[in-house]
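Down below is the structure, laid out as structure tokens.
The values are calculated or read from the model by the stated rules, or taken from the named source; none is laboratory data. Computed from a prediction, not measured in an experiment: that's the story for all the values here. Glycine also receives a Cβ, built like all others from the backbone with ideal geometry; neighbour counts cover every protein chain displayed. Note: accessible area is taken over every heavy atom of the protein model, side chains too, but ligands, DNA and RNA are not part of it. Shrake-Rupley method; radii C 1.70, N 1.55, O 1.52, S 1.80 Å.
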Amino acid sequence: RLTPRGDFHLGPRAMPGGGPDSTLAFCWFEAGESGVDLMLSESRSHGGRRIRRLLHGGQSPVFESFHLFQNRPAVSATGKIAVTAKNGGRDALTVLDPATGRRLRSIQVPTLVTMHDPAWMPGDSAIVFSGQDYSGRTDLYRARWPGGRTLLERLTRDDFDDLEPDVSADGRWVVFAS
């Protein structure tokens, strides 16, 4: 067992560079009486594990709440973590540096009601996610940031909910539930 007992542990994601259980690092959402936290578990050089909270939902307008059962953190090949959360009354996609807990990027899309299930493209160049527009359609979108500006592309447009995207290792394919 690598997580503490109690509470609910949801959406675990392995961090890069893992190996046997003693060196595995991973993040997850932890839901308890005090709210929802984004947690990180890392091995210590002298043995044991270091568990720390990266975010606490509900403590700031930046991370008002997480869509707990429709969401999961995403981890890039370089270890950056992407999460979606309510931010100022609308959803935002946020990229975090787990070493410092610092926000590296935050993306809000005014035409979307909700955003969830982020998945990294290879090279940390873009993130694919599910987003629901004001018509009630849930489709897939890709956010990328060439030259520091954010570009958004709608990948699907149909009457079915497109959820839980994942990207192939070469970045050519996106698989999802519909």
Point to revise | Set PHE160, PHE129: member being over 20 Å from SER65 (Cα atoms) and aromatic (Phe, Trp, Tyr) | key: PHE160
Check your understanding: Any residue in the stretch 37-56 that is within 18 Å of PHE129 (Cβ to Cβ), touching a residue at least 12 places away in the same chain (Cβ under 8 Å) and either in contact with a helix residue (DSSP H, G or I) (Cβ under 6 Å, 6 or more places away or on another chain) or open to solvent by 20 Å² or more (accessible area, probe 1.4 Å) (or both)?
Key -> yes
Exercise for review: Would you mind listing the strands (runs of 3 or more DSSP E) fully within the stretch 34-109 where at least 1 residues are more than 21 Å from HIS9 (Cα to Cα)?
Suggested key: 81-87, 90-96, 103-108
Exercise for review: Inspect all residues belonging to the stretch 87-107 and state whether any of them is open to solvent by 30 Å² or more (accessible area, probe 1.4 Å) and closer than 20 Å to VAL167 by Cβ.
Suggested key: yes
Revision key, fill the gap. By residue number, the members of the stretch 124-178 that are small (Gly, Ala, Ser), buried (at least 16 other Cβ atoms within 10 Å of the Cβ) and within 15 Å of VAL95 (Cβ to Cβ) are ALA126, ALA143
Review point. Do the conditions hold for THR114, that is, is it free of Cβ contacts under 8 Å to residues at least 12 places away in the same chain, open to solvent by 10 Å² or more (accessible area, probe 1.4 Å) and under 26 Å from HIS9 (Cα atoms)?
Key: no
Check your understanding: at pLDDT 80 or above and either surrounded by fewer than 12 Cβ atoms within 10 Å (Cβ to Cβ) or aliphatic (A, V, I, L, M) (or both) - does that describe any residue in the stretch 27-35?
Key -> yes
Practice item. Provide a single number: the residues in the stretch 2-19 that are loosely packed, with under 12 Cβ neighbours inside 10 Å and modelled with pLDDT under 75. Key: 4
